[in-house]
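Asker: Dropping a structure here in structure tokens format, bear with me for questions.
The values are calculated or read from the model by the stated rules, or taken from the named source; none is laboratory data. Since we're looking at a predicted model, the values are computed, not measured. Here Cβ is always computed from backbone atoms with ideal geometry, including for glycine, and neighbour counts include all displayed protein chains. Quick note on the areas: whole protein, heavy atoms, side chains included, nothing else; ligands and nucleic acids left out. Shrake-Rupley method; radii C 1.70, N 1.55, O 1.52, S 1.80 Å.
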Amino acid sequence: MTERRDEDRQTGVAIREREEKKVKRPRMFRVVLHNDDYTPMDFVVRLLETVFHRTEAEATAVMLHVHHHGQGVAGVYTHEIAETKVAQVHLLARKNDHPLMASMEPEDEEDAE
Ligand code: TYC
């Protein structure tokens, strides 16, 4: 929303605008894991299970995808949750002395990168 005209400042219109905004679904963000040569495969699988609630089969498939293609999607979340997941990955990785990297990107094509 940009500028609002005088008649839009009337109470009824303002309330309707807010109600319409409330039901819009939030922008979603992909949390991306990046490959490296040092993080153990088993660590990445356990992390996908614990942080991203993947089953062992899903976690293994995502880990192998990242290993072979350079990066892969761990999960899709709202902005704040995605930020938290990225921070959790980095915290867990550093605590275990692994260089594992994660990032987030908007799911929508229009505002991507
Ligand atoms: N390439 C790593 C290895 O061979 C495994 C790995 C997978 C690392 C996924 C990071 O996000 C990653 N041990």
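Asker: Which residue, of Arg16, Arg54, Arg30, is outside any loop (DSSP other than H, G, I, E, B) and modelled with pLDDT of 95 or more?
Answerer: On inspection, the qualifying residue turns out to be Arg30.
Asker: Among the residues of segment 50-108, what is the count of those that are within 18 Å of Asn35 (Cα to Cα), open to solvent by 80 Å² or more (accessible area, probe 1.4 Å) and of a type in the set (A, V, I, L, M)?
Answerer: Within segment 50-108, residues that are within 18 Å of Asn35 (Cα to Cα), open to solvent by 80 Å² or more (accessible area, probe 1.4 Å) and of a type in the set (A, V, I, L, M) number 2.
Asker: Scan segment 23-43 for residues that are more than 11 Å from Ala102 (Cα to Cα), within 9 Å of the ligand (Cβ to nearest atom) and surrounded by 18 or more Cβ atoms within 10 Å (Cβ to Cβ) and report the count.
Answerer: 1
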